[in-house]
1. Kindly establish whether residue 134 is open to solvent by less than 40 Å² (accessible area, probe 1.4 Å), of a type in the set (Asp, Glu) and farther than 24 Å from residue 37 by Cβ.
2. Just to be sure I understand the filter: pairs with C-beta atoms under 7 Å, separated by 6 or more residues or on different chains, first member in region 141-155 and farther than 11 Å from residue 89 by Cα, second member among the polar types (S, T, N, Q) and open to solvent by 10 Å² or more (accessible area, probe 1.4 Å). Which pairs pass?
3. Within region 1-91, which strands (runs of 3 or more DSSP E) (wholly inside it) include 3 or more residues that are polar (S, T, N, Q)?
4. Here is a list: 15, 50. Which entry is in contact with a Ser or Thr (Cβ under 9 Å, 6 or more places away or on another chain), surrounded by fewer than 17 Cβ atoms within 10 Å (Cβ to Cβ) and more than 26 Å from residue 136 (Cα to Cα)?
5. With the structure loaded, tell me whether residue 49 is within 23 Å of residue 165 (Cβ to Cβ), acidic (Asp, Glu) and either modelled with pLDDT of 95 or more or in contact with a Gly (Cβ under 7 Å, 6 or more places away or on another chain) (or both) or whether it fails that test.
6. For residues in region 137-161 being out of contact with any strand residue (DSSP E or B) (no Cβ under 6 Å at 6 or more places or on another chain) and open to solvent by less than 50 Å² (accessible area, probe 1.4 Å), which is modelled with the highest pLDDT?
7. If you take the residues in region 18-46 that are out of contact with any strand residue (DSSP E or B) (no Cβ under 7 Å at 6 or more places or on another chain) and open to solvent by less than 70 Å² (accessible area, probe 1.4 Å), which one is nearest to residue 165 (Cα to Cα)?
8. Based on what the data block shows, is residue 106 closer than 20 Å to residue 158 by Cα and either free of Cβ contacts under 8 Å to residues at least 12 places away in the same chain or assigned to a loop (DSSP other than H, G, I, E, B) (or both)?
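The values are calculated or read from the model by the stated rules, or taken from the named source; none is laboratory data. Worth saying up front: this structure is predicted, and the values here are computed from it rather than measured. Reconstructed Cβ throughout: ideal geometry from the backbone, glycine too, with neighbour counts over all protein chains shown. Just the protein is used for accessible areas: all its heavy atoms, side chains included, with ligands, DNA and RNA removed. Shrake-Rupley method; radii C 1.70, N 1.55, O 1.52, S 1.80 Å.
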Amino acid sequence: TLGASISWGGWVDGWDFLPQATVTVSVNSGNKGTKQATTDQDGYFLLEDWSGGDDGKRISVGDTVKATYDGGSVEMVVQDVEASVDLENDQIKGTALSPEGAPLVGRKIRISVQEKWGENEPELTNGETSISSDGSFAIKLSSFDLVKGQKIFLTLWDASDVSELGNRTMIEPYNAIP
């Protein structure tokens, strides 16, 4: 299972691999790079800052991310997810479309809010919804005050059963700025 981030330089992660496995990851058949990682004892790996500051190698909508390991492979296409934060109404809204522009109707969107500027901070709150027929979504956080500077993770899951299984496209703005 793969995840890809379309924020900053982007990153790629994977889980449910064999422990201590060597995984080779390529973006667009290597045109945007190829890197290797070794999974941890739980079968997880993370390749941070994919682009290394090179804008031409940033992960973007429509890119194909492929992980090859022990004779097998898994791949995903990065979807088109955009969002904005409304601090006054404690709401995050946006659109989720395929690279071709089709609404990703019924797919699950989940947000997680963490304290600002910390590593492995505990989650303060979360919310989720499904994509509507026009590709839009809105998550209203009741009983929670979003403030500028909080770390927000927004995840679009590829699973058609509206679960948190399978591949994911994520955006990770570090400041809740509209």
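1. Answer is no for this residue.
2. As it stands, the answer is 148/175; 149/175; 150/114; 151/114; 153/112, since those pairs meet every condition given.
3. On the way: elements: 2-5, 12-14, 22-27, 34-38, 45-47, 64-69, 72-77, 80-86.
Strands (runs of 3 or more DSSP E) meeting the threshold: 22-27, 34-38.
4. Answer to the check: 15.
5. On the way: within 23 Å of residue 165 (Cβ to Cβ): no; acidic (Asp, Glu): yes; either modelled with pLDDT of 95 or more or in contact with a Gly (Cβ under 7 Å, 6 or more places away or on another chain) (or both): yes.
In short, no.
6. 146
7. In this case the residue turns out to be 43.
8. Details: closer than 20 Å to residue 158 by Cα: yes; either free of Cβ contacts under 8 Å to residues at least 12 places away in the same chain or assigned to a loop (DSSP other than H, G, I, E, B) (or both): yes.
For residue 106, the condition - closer than 20 Å to residue 158 by Cα and either free of Cβ contacts under 8 Å to residues at least 12 places away in the same chain or assigned to a loop (DSSP other than H, G, I, E, B) (or both) - is met.
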